[in-house]
Amino acid sequence: GTRIICDHKFLLECKNSPAARTPPCCLPQTPGVTSLAQSSLVKLEELKERNESEEAMPDQDQFEMDI
């Protein structure tokens, strides 16, 4: 067998290449694999709305202190 040996510097340079940042042009659209499934998108939107509504509510103390 043949081994392909790459040094650390080469691999780091490959990470920053423009080809590594864009998906291939002929990649099939598979929900949940190459693109987010519709149910995942709905869940993400619900989580965002929930987080925004929690941030809008005033902070409440977890425990009341009796002095």
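The criterion of being at pLDDT 80 or above, open to solvent by 80 Å² or more (accessible area, probe 1.4 Å) and not basic (Lys, Arg) holds for residue 16. Remark: pairs (first residue in the range 24-35, hydrophobic (A, V, I, L, M, F, W, C); second residue surrounded by 10 or more Cβ atoms within 10 Å (Cβ to Cβ) and assigned to a loop (DSSP other than H, G, I, E, B); Cβ separation under 8 Å; 6+ apart in sequence or on different chains) = 27/34.
Taken over the range 36-67, the residue count meeting the criterion of being modelled with pLDDT of 70 or more and open to solvent by less than 100 Å² (accessible area, probe 1.4 Å) is 6.
The values are calculated or read from the model by the stated rules, or taken from the named source; none is laboratory data. Owing to the predicted nature of the structure, the values given are computational and were not obtained by experimental measurement. Glycine gets a Cβ as well: all are built from the backbone with ideal geometry, and neighbour counts include every protein chain shown. These accessible areas exclude ligands, DNA and RNA; they are computed on the full protein's heavy atoms, side chains included. Shrake-Rupley method; radii C 1.70, N 1.55, O 1.52, S 1.80 Å.
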